[in-house]
Amino acid sequence: MSSLTEKDRPIVQLLLSTGTCPRCVLRFCCVGSQLLYRHPHQDLMKDLQEFLKNSQEKEDTVCLDVADPPCKRIRLEHREEGADDLNHNGAIPQLPSAGTGNTATESSAGKVCNVCLGILQEFCEADFVKKVCQKVNSADYQFTSFVFSVSLPPQLSVRERAAWLGVKQQMRNLGLPLAKDDIVQLKEAYKWIIHPQLSEELGVPADGKSLFEVSVVFAHPETDEECHFLATACPDCFKPAKNKQSVFTRMAVIKALERIKEEDFLKHFPCPPSSPKNLCDALEIQCNNGAVFVAGRYNKYSRNLPQTPWIIDGERKLESSVEELISEHLMAEFKADSFNFSSSGREDVDVRTLGNGRPFAMELVNPRRIHFTAEEMKRLQQAINDSSDKIQVRDLQLVTREAIGRMKEGEEEKTKTYSALIWTDKAIQREDITFLDDIKELKLDQKTPLRVLHRRPLAVRCRLIHTMKSEYIDEHHFRLHLKTQAGTYIKEFVHGDFGRTKPNIGSLLNRTADILELDVESVDVDWPPTLAD
Amino acid sequence: FCLVFFFSRICVITLAEAHPLLQSGKTIKNINYQISANCSRLQNKVSGKSKRTCLFIFQMQGAQFLTELAPLCRISSSDGEEYTIYSCIRGRLIEVNENILSNPALLQEKPSTEGYIAVVLPKFEESKSITQGLLTRKEYEEVLMKRRSSAS
């Protein structure tokens, strides 16, 4: 762990005298001890004052470091030596407050920091922490860890740069080398201080990978004013403002700061920066839980139910949908903001889904509740099944986002089996259709069906009918069971779609055929995992 | 002519039963989709985007736009007559039926299904007005009846 040494003295001197808070001073001196930043800022201020007065005193009670005592003593000695050296060389800082250091810190005390605008001051205090935790608790989320994200006003980057340039200039004037260490980033220091406090209040640890996010947006009334010079210096970094938003976005400001030349910056902005009139405002404190995914398989027993809501020009064409029947219960239990329903393929309104059903996944966005036992999921499944006879669900379970990929893979690669009730215009006898059973791997060329041409591009798709099994009913009807490649349009295979699907049942039987009923017998995807009942 | 409408606004242009080409005795000699030196309905480009994109507009930008009187094709019969088949509706040409080029008999055997002429998609806003401007099957048959009775 590092602490302040002689080389830091001019930096501390300069920054304190211009109204920088103790924690920002430590940051600019590249002090990396997290614990140190957590000390109350009054203590830190006192320590810094002591450090500056240091040259006059033999007995130094100062240690800005919480390491072992032996180290303490060594450093003290070193400082004394260093101080003598300094006086010897006559390299006295040029600021008027050089001697006592008191005036320097006076100008800092009680003012809003000219670098962090209060972020490392007020917004690290217990009051603010309480405010945040109150918001979190009242939002009533279920969580086991949290990630805290902050959005800072853009001009903090400007002020940071200004302070840095001021320090650089000062060191140059004194003929002193500037350490190449990295300055501690504002956000990082802020999290060092506030994480333990939030963690304690909320009773859960901070974790960068947590799905529960507490976010605070800070803003400052003088953002536009202070960033304005950048727009004149680097006009092409800034795009015209949309709605009422400021043109000075964080990204644009950072880009401009990268481009602008040091001399230009120094010309337009005081370095180090002047004290601000205002503190930052904590505009919004929001909570968000990462999405959870519920998967299962659904059966559809109605020939009058769309998979997703069917609404044209604001008018609902058919009541309800598979999606709504399933989501209603899940939304209520998980208390989510919204959902996204997806499945391994779809069936038409008038097609039933039998057998094991079709795999589906429901993404629940920003759920308040996330923990459900297997028992609870079973009960949820039962509730859905009890509420409707049009659909039934099975294997309802929580899955990860990655698992959804398995389902989509099924849509394009796996086979499906169907049962179709077919009508023919000319009479058929039993013998006329048995040949269908012997056809294997029948290759079809299907142009995009007319009934979907308004929303699908015109294309020809090659699809395979793997096997067929016919069941004679009467002279104008028979049932056909087929196993096909994913993406095959069955109805078009039966009636031919104006000759745009070739071959088709009509062409194979040399008659006009049409489909009366279609059922999906199975969707051959082995996901999600089957659950024992 | 005869139009087949789908719920989704797609229109299939076919020959109506009273069309001379569908009367007995006519044999089709040739079907030509080349309308003029620069325009062939066969070269209609309808570019598609992947199935997952919902921006159907892109598909339509390349397709030829037809007005009611735009010719789709010219058909000549063996007795020397030539017939021009017109679009009859405004919209984008999606496809012409190439099956009747290779098998002209299809046009006469199955005029309202496999022997269709072309598929056209009217503009969304014009869809309703187009439907209203056409005759229903019943109305068409009444027109035919009147024609026959006035002819005799």
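The values are calculated or read from the model by the stated rules, or taken from the named source; none is laboratory data. None of the values given here were measured: they were computed from a predicted structure. Heads up, the Cβs are rebuilt from the backbone with ideal geometry, glycines too, and the neighbour counts pull from every protein chain shown. What goes into the accessible areas is simple: the full protein's heavy atoms, side chains included, and nothing from ligands, DNA or RNA. Shrake-Rupley method; radii C 1.70, N 1.55, O 1.52, S 1.80 Å.
Please report how far the C-alpha centroid of the stretch A:12-30 lies from that of the stretch A:381-427, rounded to the nearest whole angstrom.
About 64 Å separates the Cα centre of the stretch A:12-30 from the one of the stretch A:381-427.
Residue by residue through the stretch A:394-404, which ³J(HN,Hα) values in whole Hz follow from phi under the Karplus form 6.51 cos²θ - 1.76 cosθ + 1.60 (θ = phi - 60°), with glycine and proline marked x?
Each residue's phi maps through the Karplus curve to give 9, 6, 5, 7, 7, 9, 8, 4, 5, 4, 4 Hz.
Ranked highest first by average number of other Cβ atoms within 10 Å, how do A:154-160, A:169-175 line up? Intermediate values should be presented prior to the final figure.
Numbers: A:154-160: 23.1, A:169-175: 14.0.
My ranking of the peptides, most packed first, is A:154-160, A:169-175.
Find the centroid of the Cα atoms in the stretch A:258-331 and in the stretch A:458-533, then give the distance between the two in whole Å.
40
Holding the Cα-Cα limit at 29 Å, pick out from A:K317/B:K138; A:K53/A:K111; A:K317/A:K483; A:K168/A:K191; A:K483/B:K128 the pairs that are longer than that. Let's see the in-between values first.
Values: A:K317/B:K138 27 Å; A:K53/A:K111 21 Å; A:K317/A:K483 32 Å; A:K168/A:K191 27 Å; A:K483/B:K128 40 Å.
Table pairs above 29 Å Cα-Cα are A:K317/A:K483; A:K483/B:K128.
When you look at the Cβ of every residue in B:110-118, what mean number of other chain Cβ atoms sits within 10 Å?
Working: counts 4, 0, 1, 7, 9, 2, 4, 0, 0.
Average neighbour count from other chains, rounded to a whole number: 3.
Below 8 Å between Cα atoms, with a sequence gap of 6+, how large is the relative contact order for the stretch A:416-523 in percent? List each step's numbers first, then the result.
On the way: 229 pairs, mean separation 44.0, N = 108.
It comes to 41 percent, rounded to a whole number.
If I take the Cα coordinates of chain A and project them onto the principal axes, what are the three extents in Å, biggest first?
117, 52, 41
Just in the stretch A:213-303: which trypsin sites (Lys or Arg not before Pro) are loop by DSSP and have at most 14 other Cβ atoms within 10 Å?
Hits after loop and neighbour filter: A:K242, A:K244, A:K261, A:K277, A:R303.
What is chain A's relative contact order, in percent, from Cα pairs under 8 angstrom and six or more apart in sequence?
Values: 929 pairs, mean separation 67.9, N = 533.
Computed over chain A, the figure is 13 percent.
Given the convex hull over the Cα atoms of the stretch A:291-410, what projected area results after averaging over all orientations, in nm²?
Details: hull surface 29.7 nm².
Value for the stretch A:291-410: 7.4 nm².
What is the local net charge at A:E328, summed over the other residues whose Cβ is closer than 14 Å to its Cβ (Lys, Arg +1; Asp, Glu -1)?
On the way: positive: A:K335, A:K390; negative: A:E319, A:E323, A:E324, A:E333, A:D386.
Charge balance in the 14 Å sphere: -3.
If the convex hull of the alpha-carbon atoms of the stretch A:358-440 is projected onto planes in all directions, what is the mean projected area in square nanometres? Please list the in-between numbers first.
Working: hull surface 39.8 nm².
For the stretch A:358-440, averaging the hull's shadow over all directions gives 9.9 nm².
Checking buried surface per residue: for the stretch A:501-533, which residues lose a minimum of 50 Å² accessible area in the protein assembly relative to the chain alone (1.4 Å probe)?
In the stretch A:501-533, residues shielded by partner chains: none at all.
Pick out, from A:H228, A:L354, A:C116, the residue whose Cα sits farthest towards the positive end of the charge dipole of chain A, with +1 on the Cβ of Lys and Arg and -1 on the Cβ of Asp and Glu.
Result: A:H228, furthest along the dipole toward the positive end.
What is the average number of partner chain Cβ atoms found within 10 Å of a Cβ in B:93-102?
Numbers: counts 0, 5, 6, 0, 3, 0, 4, 1, 0, 0.
Average neighbour count from other chains, rounded to a whole number: 2.
With +1 assigned to the C-beta of every Lys and Arg and -1 to the C-beta of every Asp and Glu, and no other charges, what is the dipole magnitude of the stretch A:291-410 about the Cα centre in debye, to the nearest 20? Could you put the intermediate results ahead of the total?
Numbers: 18 positive and 19 negative charges, 61 e Å.
The dipole magnitude comes to about 300 debye.
Interface size between chain A and chain B, please: total buried accessible area, 1.4 Å probe, rounded to the nearest 100 Å². Each step should come with its number before you reach the end.
Numbers: alone 26840 and 9550 Å², together 34520 Å².
So the buried area, both faces added, is about 1900 Å².
How large is the accessible surface of B:F124 in square angstrom, using a 1.4 angstrom probe and rounding to the nearest 10?
Here the residue's solvent-accessible area equals roughly 130 Å².
Which values of log₁₀ I(q)/I(0), to two decimal places, follow from the Debye formula for the stretch A:416-523 at q = 0.12, 0.18, 0.22, 0.23 Å⁻¹ with a uniform point scatterer at every Cα?
-0.37, -0.84, -1.25, -1.35
Okay, helix-only estimate at 222 nm for chain A: each DSSP H run of n ≥ 4 adds -39500 (n - 2.57), divide by all residues, round to 500 deg cm²/dmol; what do you get?
My calculation for chain A gives -11500 deg cm²/dmol from helical runs alone.
Of the accessible area of the protein assembly as shown, with the probe set at 1.4 angstrom, what percent is carbon plus sulfur?
Numbers: 17360 of 34520 Å².
Using a 1.4 Å probe with all protein chains present, the protein assembly as shown comes out at 50 percent carbon and sulfur.
Hey, got the dipole for the stretch A:126-196? About the Cα centre, +1 on K and R Cβ, -1 on D and E Cβ, debye to the nearest 20? Present the calculation step by step, with values, prior to reporting the outcome.
Working: 10 positive and 6 negative charges, 46 e Å.
My answer is approximately 220 debye.
5 Å is the cut-off here: which amide hydrogens, built 1.01 Å from N in the peptide plane, fall below it relative to B:Y86, excluding neighbours closer than 5 in sequence?
For B:Y86, whose amide H was placed from the backbone, the distant partners under 5 Å are B:L72.
Count, for each residue of A:445-451, the Cβ atoms from other chains sitting within 10 Å of its Cβ, then give me the mean as a whole number.
Details: counts 0, 0, 2, 5, 2, 10, 4.
Taking all residues of A:445-451 together, the mean is 3.
For every other residue with a beta carbon closer than 10 angstrom to the beta carbon of A:V129, add +1 if it is Lys or Arg and -1 if Asp or Glu, then tell me the sum. Walk me through the numbers on the way to the answer.
Values: positive: A:K130, A:K131; negative: A:E125, A:D127, A:E200, A:E201.
Here the charged neighbours net out to -2.
Once you charge only the Cβ atoms, +1 for Lys and Arg and -1 for Asp and Glu, what is the size of the charge dipole of the protein assembly as shown about its Cα centre, to the nearest 20 debye? Working shown, then result.
Numbers: 89 positive and 94 negative charges, 423 e Å.
That gives the protein assembly as shown a dipole magnitude of about 2040 debye.
Per residue, what accessible area does the stretch A:416-523 have, given a 1.4 Å probe and all protein chains present, in Å²? Show your work: numbers first, answer last.
On the way: 4500 Å² over 108 residues.
Per-residue value: 42 Å².
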